[in-house]
Protein chains: 2
Amino acid sequence: MTDVPGSPPVLFADRLADAVERKKTQLVVGLDPVVDMLPVELRGEAVAGRAAAAAAVERFCAGIVDAIAPYVVAVKPQSAFFEALGSEGWQAFEQVCTYARRAGLLVIADAKRGDVGSTSRAYAAAFLEPRDGGPPLADALTVSPYLGRDSLDPFFAACRRDGAGLFLLVRTSNPGAAELQDAVLSDGRPLWRQVAELVAGWGEDLVGACGLSSVGAVVGATVPRIVGEARREMPRAIILLPGVGAQGAQPADVARAFTSGPSSALVNASRSVIYAYREAPTEDWRAAAAAEAARLQSAVWAAAGW
Amino acid sequence: MTDVPGSPPVLFADRLADAVERKKTQLVVGLDPVVDMLPVELRGEAVAGRAAAAAAVERFCAGIVDAIAPYVVAVKPQSAFFEALGSEGWQAFEQVCTYARRAGLLVIADAKRGDVGSTSRAYAAAFLEPRDGGPPLADALTVSPYLGRDSLDPFFAACRRDGAGLFLLVRTSNPGAAELQDAVLSDGRPLWRQVAELVAGWGEDLVGACGLSSVGAVVGATVPRIVGEARREMPRAIILLPGVGAQGAQPADVARAFTSGPSSALVNASRSVIYAYREAPTEDWRAAAAAEAARLQSAVWAAAGW
């Protein structure tokens, strides 16, 4: 599915569904490059300051993209690890996004942005709108809902106008998520269910031909009961499930997210794939990442049951 | 107040209190540079692509810093407007932060970051930790609390170890804030009050000699009743109050935030100061910004009543 000049862009949900069914994978690999974790051949380069570290990170991510491209539908570069290297890191972030798109992958920028309307407009421009006449930096963006609807409108506009996708934080995978997201409301529901209800409503007018919406949700894979409840609350949302791998969830834990179709959920693994070489008998970090991605692709496809 | 080698750093709260009392100002000016709003002499330069736009933004912000430095205790550069210009924009962000620190101002990076623990650690490194043996990019950072305690621990560590400050989003100034932040909990309180209670607790072991904590809060100035309630809920938090100026609040609306002392609250104005030239009879954008900052400094100091 590609855009026809002059017609409205293909919605993100349809682009994603097309890619999932064509490649038979719902796997997303998170690119969380930490200099101290890089393979020794790259770590050595990285010690000469931030510019050298950014260059090493860029080479590492490109190598990972090459290795995993056959097994994943998207990569999810995490902006924090690039920002930690300053403006050189941001340049690496841009290069990695471009490299992944050229490798035929969708790019989900994991930046968890969200601010008052005029500021969110600038974030939408940064991540989701065409840049200098070329494509946007990313196909989709993770977004925090805490500031409410008007803080999200500029992102929804990018979904309509530029074919962008969103993944709103609904119930995250970290231990502290319970503190606010599980706060009990006066009607007895946890807060995250109200967020889920809002997300379902906000996504209604961005449903594509595939039946899914470009307004998706982040729901941690670490609590399977919550995954099932989130699916019922948001039947048309594409659910992005972090927490598989290093955070302890198994592919089978996420089966309930897939009841709305084969592309209705994406399973993300980050460290367990990109640093697989640290656990694997082989010394080749690219091959180790490829093997772990291939294993997860099959496990997730089987768990999804389509 | 400066650090003595070998001793723990001076806490942000104490550095801020010292600066407020020395300069007699609780005013913060937000640096929200939008290319289309720049003075015509800079806008002309900015049309030649993102690098030129970033250079124009940097010159504009430096000019504003020079103009307002006598009247403000801190500047609050908004990361979104720099990110919208890509890696060149990030470089401008770094330059502007450095320029403001050299002008003797505190820098509050308004980036509203927050993610799972390992990711927040990278954000803390990006904004709050010493870089390449030099000072951190910023003195303080705005942070979203939606992911809970473990997502904040790396920021608290930077407060202790590096003398950094935080401003957690409690009740924001935008219209949509009510949607989630005012959700009614089972005990009848709005969600934001539970966040405020958590912020007060998290900040307890970061209280400085001034009696205030390095863990502060963002509370919109647009609803005076909420400002008073937030102060009671968080007696030791430094409250950062956006919403004065372009968003409609008046200095008198924030008086209740100052009951914990002259440096217990900061009032932020952004567009009404940096783009004051658009409303002012004078043609000089620097002078217009200086005049508006001076006016607000006096009005806020008077409203604070110390």
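The values are calculated or read from the model by the stated rules, or taken from the named source; none is laboratory data. What you see is a predicted model; the values in this text were computed from it and never measured. Cβ coordinates were reconstructed from backbone atoms using ideal geometry, including for glycine residues, and neighbour counts include every protein chain displayed.
Please determine, by comparing only the residues of the stretch B:44-87 that are among the small types (G, A, S) and touching a residue at least 60 places away in the same chain (Cβ under 8 Å), which one is surrounded by the fewest Cβ atoms within 10 Å (Cβ to Cβ).
B:G63
Just the residues that are aliphatic (A, V, I, L, M), within 23 Å of A:V219 (Cβ to Cβ) and either out of contact with any strand residue (DSSP E or B) (no Cβ under 6 Å at 6 or more places or on another chain) or within 9 Å of another protein chain (Cβ to nearest Cβ) (or both), please, taken from the stretch B:132-154.
Correct list: B:L147, B:L152.
Taking the stretch A:10-43 only, how many residues are within 13 Å of chain B (Cβ to nearest Cβ), in contact (Cβ under 8 Å) with a residue 60 or more places away in the chain and outside any strand (DSSP E or B)?
Counting residues in the stretch A:10-43 that are within 13 Å of chain B (Cβ to nearest Cβ), in contact (Cβ under 8 Å) with a residue 60 or more places away in the chain and outside any strand (DSSP E or B) gives 3.
Given the stretch B:187-306, what helices (runs of 4 or more DSSP H) lie entirely inside it while holding 2 or more residues that are crowded, with 24+ Cβ neighbours inside 10 Å, on the phi > 0 side of the Ramachandran plot and modelled with pLDDT of 95 or more?
none
For the stretch B:182-195, give me each residue that is within 22 Å of A:D153 (Cα to Cα) and within 7 Å of another protein chain (Cβ to nearest Cβ).
Once the filter is applied, which keeps residues that are within 22 Å of A:D153 (Cα to Cα) and within 7 Å of another protein chain (Cβ to nearest Cβ), the stretch B:182-195 yields only B:A183.
Can you name the residue in the stretch A:104-119 that is within 22 Å of B:G117 (Cβ to Cβ) and either more than 7 Å from chain B (Cβ to nearest Cβ) or not in a strand (DSSP E or B) (or both) and, of all such residues, is farthest from the chain's Cα centre (by Cα)?
If we filter the stretch A:104-119 for residues that are within 22 Å of B:G117 (Cβ to Cβ), which is where we start, we get A:108-114.
Keeping just the survivors that are either more than 7 Å from chain B (Cβ to nearest Cβ) or not in a strand (DSSP E or B) (or both) gives A:108-111, A:113-114.
On the way: A:I108: 4, A:A109: 6, A:D110: 6, A:A111: 9, A:R113: 13, A:G114: 16 Å.
Checking each candidate, the answer is A:G114.
Report, by residue number, each residue of the stretch B:123-136 that is buried (at least 24 other Cβ atoms within 10 Å of the Cβ) and either free of Cβ contacts under 8 Å to residues at least 12 places away in the same chain or closer than 16 Å to B:F82 by Cα (or both).
Scanning the stretch B:123-136 gives B:A126, B:F127.
Taking the conditions exactly as written (in a helix (DSSP H, G or I), within 20 Å of B:V116 (Cβ to Cβ), touching a strand residue (DSSP E or B) at 6+ places or on another chain (Cβ under 9 Å) and at pLDDT 95 or above), does A:C97 satisfy them or not? Talk me through it step by step, then tell me what you get.
Values: in a helix (DSSP H, G or I): yes; within 20 Å of B:V116 (Cβ to Cβ): no; touching a strand residue (DSSP E or B) at 6+ places or on another chain (Cβ under 9 Å): yes; at pLDDT 95 or above: yes.
No: the conditions fail for A:C97.
Under the condition of being away from every other protein chain (no Cβ under 12 Å) and under 26 Å from B:V195 (Cα atoms), which residue from the stretch A:156-176 is surrounded by the fewest Cβ atoms within 10 Å (Cβ to Cβ)?
Restricting to residues being away from every other protein chain (no Cβ under 12 Å) and under 26 Å from B:V195 (Cα atoms), the top hit is A:F167.
Given the residues A:V116, A:V29, which is the only one that is under 25 Å from A:E292 (Cβ atoms) and crowded, with 18+ Cβ neighbours inside 10 Å?
Residue meeting the stated conditions: A:V29.
Would you confirm whether or not the stretch B:164-176 contains a residue that is of a type in the set (G, A, S) and modelled with pLDDT of 95 or more?
Within the stretch B:164-176, one or more residues are of a type in the set (G, A, S) and modelled with pLDDT of 95 or more.
Report the residue count in the stretch B:52-103 for those that are hydroxyl-bearing (S, T, Y) and more than 18 Å from the chain's Cα centre (by Cα).
Of the residues in that region, 1 qualify.
Name every residue in the stretch B:82-94 that is part of a helix (DSSP H, G or I) and either charged (D, E, K, R) or facing chain A (nearest Cβ under 7 Å) (or both), in order of residue number.
Those that are part of a helix (DSSP H, G or I) and either charged (D, E, K, R) or facing chain A (nearest Cβ under 7 Å) (or both): B:E83, B:G86, B:S87, B:E88, B:W90, B:Q91, B:E94.
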